[in-house]
1. So which residue, out of TYR113, TYR164, TYR175, gets the largest mean-square fluctuation from a GNM of the chain using Cα contacts under 10 Å as springs?
2. Which label marks the calculated value of Cα extents along the principal axes in Å, given the options (1) 94, 45, 28; (2) 93, 37, 36; (3) 103, 39, 37?
3. At most 15 other Cβ atoms within 10 Å and a DSSP loop assignment: could you name the trypsin sites (Lys or Arg not before Pro) in the stretch 101-165 that fit?
4. Starting from the Cα of LEU147, step 7 Å along the direction of its Cβ; do the same at THR222; then give the gap between the two resulting points in nm.
5. Quickly work out the CYS208-to-LEU165 label distance, labels modelled 7 Å from Cα along the C-beta direction, and quote it in nm with one decimal.
6. Could you give the accessible area per residue of the chain, probe 1.4 Å, as a whole number in Å²?
7. Within the chain, what whole-number % of the accessible surface is contributed by carbon and sulfur, with the 1.4 Å probe and all protein chains included in the calculation?
8. Round to the nearest 0.05 the FRET efficiency obtained for HIS107 and LYS51 when R0 = 35 Å and r is the Cβ-Cβ distance.
Amino acid sequence: MAGIVVVFDFDKTIIECDSDNWVVDELGATDLFNQLLPTMPWNSLMDRMMKELHSQGKTAEDIVEVLKRTPIHPRVVPAIKAAHALGCDLKIVSDANLFFIETILKHLGLEEYFSEINTNPSYVDEQGRLRISPHHDFIKCSHGCSLCPPNMCKGVVIERVQTYLSSEGKKKIIYLGDGSGDYCPSLKLKEVDFVMPRKNFPLFDLICKDPLLIKADIHEWTDGEELEHILLNLINTIATEENAQFISAADCKLQTMSAHEALPQALPVRQ
């Protein structure tokens, strides 16, 4: 449906783990990561960890091979492909990083299915080290949101998407997420939108504290199978409603035309 935008978180939503933790753990750097974690923001820590791994002889290709083994529920890829085939505009909003996300999407054959990836920039430098930067440069200025980490406010991203959509006509957003960072964008959603929090994860728990703060319809899910079922059911329901409205509007127009055609012809006035 051209009128539906589906926004996915990435870690623990599309994939079954946190991609940062997955890479650090698989490359044997967990102890150092935990040691440094209290000393700096997460995003800065991940850039530091890439430096440490590089100094240990780990290459970007080593990271790629680890990312190819990232666990994912078998129904998530078909769900994404089905939503795309139904005409939805698919986007990613994630506090992971571009290198991790693009590597995994390419491995899964999904790189062409998303129109937009909003995440922390990353690249491999001339020395072969992966560099990770913040989505929002919090050193220069704060994004001003107390709900989100300093490097990224997903609510700001959703507001930008909403501004774009308002210029395109009425469109509905379906937002899927799991973490506390997904709470801010969920609060930005409107009455016509839908939020799909993963059950018993931080986003779900935050919503349950006061569901009335969320304007969007809430549809929780537990695993990839439920994600697929609920997402596609929502898309089909929205499509059915929009088609019914279109048919109703067309009927009204036809009835109006018929009424005009049924009017008697005006009689000429004798002079």
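The values are calculated or read from the model by the stated rules, or taken from the named source; none is laboratory data. Predicted model, so just to flag it, every value in this text is computed and none were measured. Cβ: placed from backbone, ideal geometry, glycine included. Neighbour counts: every protein chain shown. With ligands, DNA and RNA removed, areas are computed over all heavy atoms of the protein, side chains included. Shrake-Rupley method; radii C 1.70, N 1.55, O 1.52, S 1.80 Å.
1. Residue with maximal mean-square fluctuation among TYR113, TYR164, TYR175: TYR164.
2. Correct label is (3).
3. LYS140
4. With each label placed 7 Å out from Cα toward Cβ, I get 2.7 nm.
5. 2.6
6. 53
7. Working: 7730 of 14290 Å².
Ligands and nucleic acids excluded, carbon and sulfur give 54 percent.
8. Working: r = 25 Å, r/R0 = 0.71.
Efficiency for this residue pair is about 0.90.
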